[in-house]
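Remarks on the structure that follows.
The values are calculated or read from the model by the stated rules, or taken from the named source; none is laboratory data. Every value quoted in this text rests on a predicted model; they were computed, and no experiment measured them. Cβ atoms come from the backbone with ideal geometry, glycine included; neighbour counts cover every protein chain shown. For accessibility, only protein heavy atoms count, side chains too; no ligands or nucleic acids. Shrake-Rupley method; radii C 1.70, N 1.55, O 1.52, S 1.80 Å.
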Amino acid sequence: MRFPRGRRRLVIAVAALLATAAVAVIVHRVLAPAEVSTVARADYPAPARPAAGVIGRLPVAPLIVDGRLRVYAAHRQVYADQPVDGRYRTSPYWSYRRWPAELTAVVASGSTVVSRWSDGQLVALDARTGGVLWRTDGPKPAESTAVVRRTWAATVWDAPGLQLTDLPDGRVVLVVTGDAQARGVELSGGRELWRVELPGRCRSDVGTTTGGQLIGLDTCAGAATVEFRDAATGVVRERWRPPNGPDGLVVTPLGCRTGRSDCLGLRTAGPGDEGGRGWLLGAGPPVAAPALDPAGAALVGEQSVVVLDGVAVGRSARTGTELWRSASLGTARVLAGQPGRVHLLTEANDLVTLDPATGRQLSRFALDVGSDGTGWAPGAVTAEDGFVAVERLRKPVDPTGDDRRYYYTGEAVILAAT
């Protein structure tokens, strides 16, 4: 059947319009901003209390949440699996994905997981279901030259520009910083408490304190100065420099609950660790704590733990009084601490866990799984809820190498219970 010429042209035009419309719909679906939330279909798991030892290995770094879940980061996704003591990564318990924004940081407190995205959005998720609790705009993350490697450890264990702190009245504040702005957001509902302008890259975050302050390092006008900003109001309450401190000040948080949040102390030093000094944080200015002066000293609760000349020594961080010493570990280094536990790694990659108050050994075992062996170097590490997770790096460590050269195996993270 042949159409008259005029009708044929009309049919072709209509077909072309329909094809164009179809392409437009497809392009919109593919390129338009999108959010996909896949909530949990199983019951919230109970807290796990596994026996001390290696649990398994994972391809990505887990954030232990509420003692029940492992939360992971990906390019445009934050997701969880369970059980927390599972030997391998399993199918997602829940998942949250955005597009085209990229995930830049993740933190958690209790059963609330907060994700930060490259467009500045903050999205809080309920760890029990994966459902969205609230979302709000925040300052866009500062541009970073840091390499984000395939384990995403820096995103979930360090969370740049995203920190938590507890206020004296019991509220938890999420402090969000970028190059030019900082905001305080109430964790329970996402309500903005304050926002302030920042001077730029001459100021950087150090961490937050257990007393509700954001610690920053300001090098904008002369000698580097440590600032303490009230997390409830955004007001700088104190600016401080260590007596006779070097101009090129390096400040490291100590005794943090997780990442750089809720820290009990800090250490100041100059270039090349010149004049390193430890300090305890409280309501007033930092208080000198010589027990924290040595490089590598860990602050765990009220105790300082350090390995000196092959001997692990525990001291009162406040008075410097020696509490215990252990010479039976061999060559070792302090790996991490968490409430009631300090973790040391021996030269043979045994993980030794001690009570920081008494030095009593709580557990000791080789960080080995399957046939992997222990011929690796430790990379990033986290310790929380009785668990320790460590990145395993290929020896000799090449910081400039690609991921295949940098990591020891494809499943580079080893997870252990202590």
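I need every pair where a residue in region 249-260 that is on the phi > 0 side of the Ramachandran plot has its Cβ under 6 Å from the Cβ of a residue that is open to solvent by 40 Å² or more (accessible area, probe 1.4 Å), sequence separation at least 6 or different chains. Short answer, once both residue conditions are applied: Gly255/Leu264; Gly259/Asp158.
Please go through region 360-373 and pick out each residue that is under 30 Å from Arg315 (Cβ atoms) and open to solvent by 20 Å² or more (accessible area, probe 1.4 Å). Passing the criteria: Arg360, Gln361, Leu362, Arg364, Phe365, Ala366. Return yes when Arg89 is over 27 Å from Gly184 (Cβ atoms), open to solvent by 10 Å² or more (accessible area, probe 1.4 Å) and over 16 Å from the mean Cα position of the chain (by Cα) and no when it is not. So Arg89 passes the test.
With Gly296, Gly270, Gly265, Gly282 as the choices, which residue is small (Gly, Ala, Ser), more than 30 Å from Gly410 (Cβ to Cβ) and surrounded by 21 or more Cβ atoms within 10 Å (Cβ to Cβ)?
Values: Gly296 fails: surrounded by 21 or more Cβ atoms within 10 Å (Cβ to Cβ); Gly270 fails: surrounded by 21 or more Cβ atoms within 10 Å (Cβ to Cβ); Gly282 fails: surrounded by 21 or more Cβ atoms within 10 Å (Cβ to Cβ).
Answer to the selection: Gly265.
I need the full set of residues from region 314-338 which are touching a Lys or Arg at 6+ places or on another chain (Cβ under 8 Å) and either acidic (Asp, Glu) or not in a strand (DSSP E or B) (or both), in order please. Scanning region 314-338 gives Thr321, Glu322. Note on region 132-150: residues that are open to solvent by less than 50 Å² (accessible area, probe 1.4 Å) and either polar (S, T, N, Q) or out of contact with any Leu (no Cβ under 7 Å at 6 or more places or on another chain) (or both) total 6.
State whether the residues of region 200-212 include one that is assigned to a loop (DSSP other than H, G, I, E, B), open to solvent by 40 Å² or more (accessible area, probe 1.4 Å) and out of contact with any strand residue (DSSP E or B) (no Cβ under 9 Å at 6 or more places or on another chain).
Step one: list which residues in region 200-212 are assigned to a loop (DSSP other than H, G, I, E, B), which gives 200-202, 210-212.
Still in the list and also open to solvent by 40 Å² or more (accessible area, probe 1.4 Å): 201-202, 210-211.
After this cut, where a residue has to be out of contact with any strand residue (DSSP E or B) (no Cβ under 9 Å at 6 or more places or on another chain) as well, the list is 201.
Scanning region 200-212, I find at least one residue that is assigned to a loop (DSSP other than H, G, I, E, B), open to solvent by 40 Å² or more (accessible area, probe 1.4 Å) and out of contact with any strand residue (DSSP E or B) (no Cβ under 9 Å at 6 or more places or on another chain), so the answer is yes.
Only one residue in Leu362, Leu329 is more than 26 Å from Gly272 (Cα to Cα), in contact (Cβ under 8 Å) with a residue 60 or more places away in the chain and aliphatic (A, V, I, L, M). Which one? Step by step, each of Leu362, Leu329 is checked, and only Leu362 is more than 26 Å from Gly272 (Cα to Cα), in contact (Cβ under 8 Å) with a residue 60 or more places away in the chain and aliphatic (A, V, I, L, M). For the criterion of being surrounded by fewer than 19 Cβ atoms within 10 Å (Cβ to Cβ), aromatic (Phe, Trp, Tyr) and modelled with pLDDT of 95 or more, Trp99 passes. Taken across region 238-253, residues that are closer than 30 Å to Ala108 by Cα, open to solvent by 20 Å² or more (accessible area, probe 1.4 Å) and in a loop (DSSP other than H, G, I, E, B) do not occur at all.
Does Val381 satisfy the condition of being of a type in the set (Val, Ile, Thr) and in a loop (DSSP other than H, G, I, E, B)? If you could, list the steps in order and put the result at the bottom.
Details: of a type in the set (Val, Ile, Thr): yes; in a loop (DSSP other than H, G, I, E, B): no.
Here the answer is no, as Val381 does not meet what is asked.
Pick out the one residue from Val306, Val342 that is under 18 Å from Cys263 (Cβ atoms) and free of Cβ contacts under 8 Å to residues at least 40 places away in the same chain. Can you show your working first?
Values: Val342 fails: free of Cβ contacts under 8 Å to residues at least 40 places away in the same chain.
After ruling out the rest, the residue left standing is Val306.
Only one of the numbered conditions (1) under 26 Å from Thr382 (Cα atoms); (2) in contact with a strand residue (DSSP E or B) (Cβ under 6 Å, 6 or more places away or on another chain); (3) surrounded by fewer than 22 Cβ atoms within 10 Å (Cβ to Cβ) is violated by Ala153, and that is (3). Working carefully through the options Thr331, Thr258, find the one that is within 23 Å of the chain's Cα centre (by Cα) and among the polar types (S, T, N, Q). Exactly one of Thr331, Thr258 is within 23 Å of the chain's Cα centre (by Cα) and among the polar types (S, T, N, Q), namely Thr258.
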